[in-house]
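The structure appears below as structure tokens.
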Amino acid sequence: MHKILFFVSAFLLILTGCKGDKKENLLSDSSGNLNHLSVVVSNELWQGKVGEAIRNTMASPVDGLPQDEPLFSLSQIPSQVFSGFVTKNRTVLIIEIGANKTSSVKFAKNVFAKPQRVVVVSGKTEDEVIEQLETNALKIVESFKSQETKEKQRRIKLSLLKIDTIENALGIKMEIPSAYRIAKKDDKFFWLRKDITTGTQNIMVYELPLNMLKHNDSLVNQIIKIRDSIGKVHIPGPTDGTFMITEKAYAPYLFEKTLDNKPAIETKGIWDVKNAFMSGPFINYMIEDKANNRLIVVEGFTFAPSVEKRDYVFELEAILKSIKIE
């Protein structure tokens, strides 16, 4: 294992001495499925408490899905076979334990390929490595997730939908795959859809008065109320009198985020259809556009019964995060 870390350190020194195109020319393209993480660790550690800690942090359940699905699908690679093609994987977590090792977490970019994110977790003992994993879990996850979001957005850019109508009406730009279509337009409300094998991917874009969201009150209750009112007017169900609402049995997750350098509230939860058996996950961003005295709301929701939904929601998140407000 120490040979791997020596090679990483040496390679980083080489890259440090290179600039711009020279550095890029040394590297081949990275590979791998989205949200798949390569974990370089011995079989013994993987089967023990270190492996359990890795799974608990890197494969913990994604927030806001109707069933448990892992943040990343993990592929364990024994240290002795970590060479050649497998070093080109886009996201790599390396575990190192040794008496001469410092307890630390190191982040690196484009070590063996480009684009690539490598995280090395070191310690003298298994307990030190576990402590580093648990203490730095959020940073490590965000590092890998940021890399995967950028890769998804790169792929989306290969074939984009022209959305001049939305841009002219709302003064925003988003990078949306050409497979989507505008399903409904009503003044400054837009609903876009894409057919998938088992259902649909959906995006809503609209604006609200800036004072619609009051930060001194319960944000989650306000957001649910807004979502339900929008669903009642704009997102009908399969029969008369049915429409989309927020599932009441599951409290949504709320996070403070920044989109296009503006404060935003991210909400993840489950949508439902009133008086009908339809539901699925959603991700919603309410962005403070103070310059225009408004909230811009972008939301994605998935209808994909009987299949895993992590990667569908990940696509929606990548699309929504591409927003630019003029």
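The values are calculated or read from the model by the stated rules, or taken from the named source; none is laboratory data. Every value quoted in this text rests on a predicted model; they were computed, and no experiment measured them. Positions of Cβ are backbone-derived with ideal geometry, glycine not excepted, and every protein chain shown enters the neighbour counts. Areas reflect the complete protein model, heavy atoms only, side chains present, ligands, DNA and RNA absent. Shrake-Rupley method; radii C 1.70, N 1.55, O 1.52, S 1.80 Å.
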Handout entry: Selected residue (criterion: nearest to E299 (Cα to Cα)) from residues of the stretch 221-251 that are of a type outside the set (S, T, Y) and in contact with a Lys or Arg (Cβ under 6 Å, 6 or more places away or on another chain)
Key = I245
Problem - Filtered residue count, the stretch 41-54, keeping only those that are outside any loop (DSSP other than H, G, I, E, B), in contact with a strand residue (DSSP E or B) (Cβ under 7 Å, 6 or more places away or on another chain) and either more than 22 Å from T149 (Cα to Cα) or open to solvent by 30 Å² or more (accessible area, probe 1.4 Å) (or both) - result: 3
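Which of the following residues is in a loop (DSSP other than H, G, I, E, B) and more than 22 Å from P236 (Cβ to Cβ): V307, V313? Full working, then the answer.
On the way: V313 fails: in a loop (DSSP other than H, G, I, E, B).
Among V307, V313, only V307 is in a loop (DSSP other than H, G, I, E, B) and more than 22 Å from P236 (Cβ to Cβ).
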Practice task
Check whether at least one residue in the stretch 16-30 is closer than 15 Å to L133 by Cα, buried (at least 20 other Cβ atoms within 10 Å of the Cβ), at pLDDT 95 or above and within 23 Å of the chain's Cα centre (by Cα), and report yes or no.
Solution key: no
Practice task
Just need a number here: residues in the stretch 78-92 that are under 23 Å from E142 (Cα atoms) and either open to solvent by 40 Å² or more (accessible area, probe 1.4 Å) or hydroxyl-bearing (S, T, Y) (or both).
Solution key: 4
Exercise for the section: Sort out which residues of the stretch 160-186 are part of a loop (DSSP other than H, G, I, E, B) and not acidic (D, E), and write them in order of number. Expected result: L161, K162, I163, G171, M174, I176, S178, A179, Y180
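Scan S122, S75 and give me the residue that is small (G, A, S), open to solvent by 40 Å² or more (accessible area, probe 1.4 Å) and not in a helix (DSSP H, G or I).
Among S122, S75, only S75 is small (G, A, S), open to solvent by 40 Å² or more (accessible area, probe 1.4 Å) and not in a helix (DSSP H, G or I).
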Practice task
Can you confirm whether the stretch 105-115 contains a residue that is touching a Gly at 6+ places or on another chain (Cβ under 9 Å), modelled with pLDDT of 95 or more and either of a type in the set (S, T, Y) or open to solvent by 30 Å² or more (accessible area, probe 1.4 Å) (or both)?
Solution key: no
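Of these, P209, P263, which one is modelled with pLDDT of 95 or more, open to solvent by 40 Å² or more (accessible area, probe 1.4 Å) and under 18 Å from L320 (Cβ atoms)?
Testing whether each residue is modelled with pLDDT of 95 or more, open to solvent by 40 Å² or more (accessible area, probe 1.4 Å) and under 18 Å from L320 (Cβ atoms) leaves just P263.
One line per residue, one yes/no per condition, for (1) touching a helix residue (DSSP H, G or I) at 6+ places or on another chain (Cβ under 6 Å); (2) open to solvent by 30 Å² or more (accessible area, probe 1.4 Å); (3) in contact (Cβ under 8 Å) with a residue 24 or more places away in the chain:
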residue	(1), (2), (3)
I94	no, no, yes
T102	no, yes, no
I140	no, no, yes
T165	no, yes, yes
Practice task
Would you be able to say whether some residue in the stretch 187-195 is assigned to a helix (DSSP H, G or I) and crowded, with 19+ Cβ neighbours inside 10 Å?
Solution key: no
Problem - Scan of the stretch 266-302 for residues that are open to solvent by 40 Å² or more (accessible area, probe 1.4 Å) and either among the charged types (D, E, K, R) or under 14 Å from the mean Cα position of the chain (by Cα) (or both), ordered by number - result: K274, K290
Problem - All strands (runs of 3 or more DSSP E) inside the stretch 234-299 with 2 or more residues being among the hydroxyl-bearing types (S, T, Y) - result: 253-259, 279-289
Exercise for the section: Could you tell me whether any residue of the stretch 222-239 is among the aliphatic types (A, V, I, L, M), more than 29 Å from K173 (Cβ to Cβ) and in contact (Cβ under 8 Å) with a residue 24 or more places away in the chain? Expected result: no
